[in-house]
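Chemist: The structure follows.
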Amino acid sequence: MNNRIPPPIVTLICGLVIYYTSCLFPSCDLKILKILSALFLVSGLFVGFSAIFNFIKNKTTVNPVKIENASTLVNSGIFKYTRNPMYLGMLFILISISLNFNLYGGIIVVLFFYFFINKFQIAPEEKVMEEIFGDEYIEYKKTTRRWL
């Protein structure tokens, strides 16, 4: 794959942009946003770590930059519900940061992250997965959504 920027680094950069651009957008300080932020954070961590544990359990690579090293198609656990739980977890964490620090600017950054990951990470990964796992992966794509 050509993408050399690991998705956790993209997530970190997006999170920092959300936080440090909060002064550029109107603030929205509602208690419900803090509660939702906590829920998204916990959900994001749960979904992301569930994926990592599934990869480890199935003895395949967790490294999204070296997807060609995948040895097993994982389609159990959290992978029954989403093909990309680690990216979904990262998205939830960015939503959490947005709800807590910068609602309006965060919406822009979260949308950027979503489109960036789809185009530069997920689409190339899917090509490699089809090459490695063939019809098994194509069937998996038919039964499991990319995000939710």
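The values are calculated or read from the model by the stated rules, or taken from the named source; none is laboratory data. Since the structure is predicted, the reported quantities are computational estimates derived from the model, not experimental observations. When we count neighbours, we look across all protein chains shown, and the Cβ atoms used for this are built from the backbone with ideal geometry, even at glycine. SASA here: full protein model, heavy atoms, side chains in, ligands and nucleic acids out. Shrake-Rupley method; radii C 1.70, N 1.55, O 1.52, S 1.80 Å.
Chemist: Please go through the range 14-60 and pick out each residue that is open to solvent by 60 Å² or more (accessible area, probe 1.4 Å), of a type in the set (Val, Ile, Thr) and farther than 17 Å from Phe113 by Cα.
Modeler: If the condition is that a residue be open to solvent by 60 Å² or more (accessible area, probe 1.4 Å), of a type in the set (Val, Ile, Thr) and farther than 17 Å from Phe113 by Cα, then Ile32, Ile35, Val42, Ile56 are the ones that fit.
Chemist: Next up: Would you be able to tell me the number of residues in the range 40-65 that are of a type outside the set (S, T, N, Q) and in contact (Cβ under 8 Å) with a residue 40 or more places away in the chain?
Modeler: Of all residues in the range 40-65, those of a type outside the set (S, T, N, Q) come to 40-42, 44-49, 51-53, 55-57, 59, 62, 64-65.
Within this subset, residues satisfying the condition of being in contact (Cβ under 8 Å) with a residue 40 or more places away in the chain are 40-41, 44-49, 64-65.
Qualifying residue count for the region: 10.
Chemist: Taking the conditions exactly as written (at pLDDT below 95 and of a type in the set (D, E, K, R)), does Lys80 satisfy them or not? It would help to see each step written out before you state the result.
Modeler: Numbers: at pLDDT below 95: no; of a type in the set (D, E, K, R): yes.
Answer is no for this residue.
Chemist: Being touching a helix residue (DSSP H, G or I) at 6+ places or on another chain (Cβ under 7 Å) and among the aromatic types (Phe, Trp, Tyr), is that true of even one residue in the range 96-104? It would help to see each step written out before you state the result.
Modeler: Initial filter on the range 96-104 (touching a helix residue (DSSP H, G or I) at 6+ places or on another chain (Cβ under 7 Å)): 96-103.
From the residues that got through so far, the ones that are among the aromatic types (Phe, Trp, Tyr) too are 101.
Checked against the condition, which is being touching a helix residue (DSSP H, G or I) at 6+ places or on another chain (Cβ under 7 Å) and among the aromatic types (Phe, Trp, Tyr), the range 96-104 yields at least one hit.
Chemist: Right, something else. If you go through the range 12-61 one residue at a time, how many are touching a Pro at 6+ places or on another chain (Cβ under 6 Å) and small (Gly, Ala, Ser)?
Modeler: Residues flagged as touching a Pro at 6+ places or on another chain (Cβ under 6 Å) and small (Gly, Ala, Ser) within the range 12-61 amount to 1.
Chemist: Also, I was wondering about something else. Hey, does the range 18-38 have a residue that's more than 21 Å from Glu125 (Cα to Cα) and within 16 Å of the chain's Cα centre (by Cα)? Outline the logic, then answer.
Modeler: Just the residues of the range 18-38 that are more than 21 Å from Glu125 (Cα to Cα), to begin with: 18-38.
Retained after the next criterion (residues that are within 16 Å of the chain's Cα centre (by Cα)): none.
For the range 18-38, residues more than 21 Å from Glu125 (Cα to Cα) and within 16 Å of the chain's Cα centre (by Cα): absent.
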